[in-house]
Ligand code: DON
């Protein structure tokens, strides 16, 4: 295997197959030899996603006459093959679209609780929460939404679906070479793939994977062909549905034929709010981002954060206190608004945001004991990608299996991983989920209900035209990362690369501590500690992708340095 590391700008890594040269199929990319580009520019279109092959496929679709929506569909399907840890057809997600004609669209294809799910399904006889069951294996899976969501997106596409899914089929059937990090992740999950499966999946390789090995997924290719030939029914009915239900029966799963047949994606009213001269479009509930992002942006809007300076202790302290207040409300009030009356209007009003900041004390650590949710009287795996096309269509997508490789359960004979999204419900009031988030009634389990999400795909308009397309994975850190990325660009005027790659921090009300990445400056940590904060170093926060459309028409796409993420343009 040749692996070439060029640490010059732009960062390029080249992955090639371990042995021999093979036919590269009809794919518009070479799956056996590809590079990772961290920053690209173009004037016709760009894609930035978690995998270079998926980004390149999106650009190829635009070159073939597709718009940004076509490219997003093809990219998402390609990610389901080349990025199995989070790219998926067995999970769900959110898509935010700004069409060149000025309309805003959001599509919700979040997983749903199966019909026989119930509030206490993860409690044992003594009432103790069994997170093992909500986080791993068959019972952790919600009814998948991704394929329904993609067919909903087709309304805005130009090319036939068959053309958009074919690259994913070819990648699954002919294989693609693994990057070092994918090989490591697959090896790291080997024991769980064995434990949580009734049929050993292709992800298990005796002796282990290494960079440059080729991963072929024939069962997945066959599933994708059924979707190509039969549309959404190729997933929710017929052979694929049979394979899912059979898989459920072989263990403790509860997803039924009816759950699959009845699943529907929903177009929802987008959240649109103003910030200074910008307009921000994001995803409504069941994304908590649609509540927390406007709250946090409103709380910071009138503060002199720019004057404090990027990553100054004052700026970090202010943003921490903002995050604390927003996340206190998340825990108490947020859940699927189709099932629970969430006081959305009040929670997203500027007046409420300002009221919440009245007890803000600069230079002093607040406390999550004294700062509770506001009083309302009114009745680690996900993936994000962005696409922009030459006509001005913008697409921002976050999609997930929840944890890395979801429930770790692959549907036998169908070759795709099922999500473990049920853990995003509050399985018992006050019991933290895998991201430490707690919840209450608003996010309790009920049949057909969607679990609360942090995914925050976002588009920012300047002069009413797309300026930024942004989003990230990262569980509960998603919304704070999007918040910080927007503030980094719109207030601190950081370059797109710095806005994406500079260390991030996170506060989510409980636990009452500021989490920082390893590169977060020591001096700022000390100052925060002196103010009374507990500061804890943690693993990396998110993998933020940004497309920035400059006034001169140059499209800049930046992929996060924290993973294999790659940008492509033309
Ligand atoms: O929807 C959510 O909020 C979570 N399921 C997202 C999980 C996630 O981002 C994991 N990635 N690192």
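Residue 283 fulfils the conditions (1) surrounded by fewer than 24 Cβ atoms within 10 Å (Cβ to Cβ); (2) within 16 Å of the ligand (Cβ to nearest atom) except for a single criterion, (1).
Close Cβ contacts (under 6 Å, 6 or more residues apart or on different chains) running from residues in segment 441-459 that are farther than 20 Å from residue 475 by Cβ and not assigned by TED's automatic domain parsing to the domain that holds residue 544 to residues that are within 15 Å of the ligand (Cβ to nearest atom) and assigned to a strand (DSSP E or B) comprise 448/112. Within segment 438-475, the set of residues being surrounded by fewer than 24 Cβ atoms within 10 Å (Cβ to Cβ) and assigned to a loop (DSSP other than H, G, I, E, B) comprises 438, 440, 444, 445, 446, 447, 448, 449, 463, 464.
The single condition among (1) part of a loop (DSSP other than H, G, I, E, B); (2) in contact with a strand residue (DSSP E or B) (Cβ under 9 Å, 6 or more places away or on another chain) that residue 76 does not satisfy is (1). Residues that are buried (at least 24 other Cβ atoms within 10 Å of the Cβ), over 30 Å from residue 28 (Cβ atoms) and at pLDDT 95 or above do not occur anywhere in segment 526-534. Taking the listed residues 430, 415, the one that is away from the ligand (no atom under 16 Å from the Cβ), assigned to a loop (DSSP other than H, G, I, E, B), touching a helix residue (DSSP H, G or I) at 6+ places or on another chain (Cβ under 7 Å) and farther than 19 Å from residue 259 by Cα is 415, with no other qualifying. From the list 183, 211, 168, the one residue that fits, being modelled with pLDDT of 95 or more and outside any helix (DSSP H, G or I), is 211. Tell me whether segment 483-498 contains one or more residues that are assigned to a strand (DSSP E or B) and more than 16 Å from the ligand (Cβ to nearest atom). No, that holds for no residue. Would you be able to say whether some residue in segment 356-374 is within 25 Å of the chain's Cα centre (by Cα), modelled with pLDDT of 95 or more and in a loop (DSSP other than H, G, I, E, B)? The answer is no; no qualifying residue exists. Candidates are the residues of segment 150-175 that are more than 15 Å from residue 74 (Cβ to Cβ) and over 21 Å from the mean Cα position of the chain (by Cα); the one that is surrounded by the most Cβ atoms within 10 Å (Cβ to Cβ) is 175. Of the residues 421, 380, the single one that is modelled with pLDDT under 95 and within 16 Å of the ligand (Cβ to nearest atom) is 380. Taken over segment 513-532, the criterion of being touching a helix residue (DSSP H, G or I) at 6+ places or on another chain (Cβ under 8 Å) and either within 16 Å of the ligand (Cβ to nearest atom) or in a loop (DSSP other than H, G, I, E, B) (or both) is satisfied by 515 alone. Just a yes or no: is a residue in segment 388-397 within 14 Å of the ligand (Cβ to nearest atom) and out of contact with any strand residue (DSSP E or B) (no Cβ under 6 Å at 6 or more places or on another chain)? Checked segment 388-397: no residue is within 14 Å of the ligand (Cβ to nearest atom) and out of contact with any strand residue (DSSP E or B) (no Cβ under 6 Å at 6 or more places or on another chain).
Exactly one of these conditions fails for residue 344: (1) in the same structural domain as residue 435 (by TED's automatic domain parsing); (2) more than 16 Å from the ligand (Cβ to nearest atom). Give me its number. Single failed check for residue 344: (1). A count restricted to segment 402-412 and to residues that are within 9 Å of the ligand (Cβ to nearest atom) and more than 22 Å from residue 444 (Cβ to Cβ) stands at 1.
Quick check, is residue 149 at pLDDT 95 or above, on the phi > 0 side of the Ramachandran plot and not in a strand (DSSP E or B)? It is false that residue 149 is at pLDDT 95 or above, on the phi > 0 side of the Ramachandran plot and not in a strand (DSSP E or B). Just one of the listed residues (279, 261) is modelled with pLDDT of 95 or more and not assigned by TED's automatic domain parsing to the domain that holds residue 397, and it is 279.
The values are calculated or read from the model by the stated rules, or taken from the named source; none is laboratory data. Predicted model only: the values in this text are computed from it and were never measured. All Cβ positions, glycine included, derive from the backbone under ideal geometry; neighbour counts span all protein chains shown.
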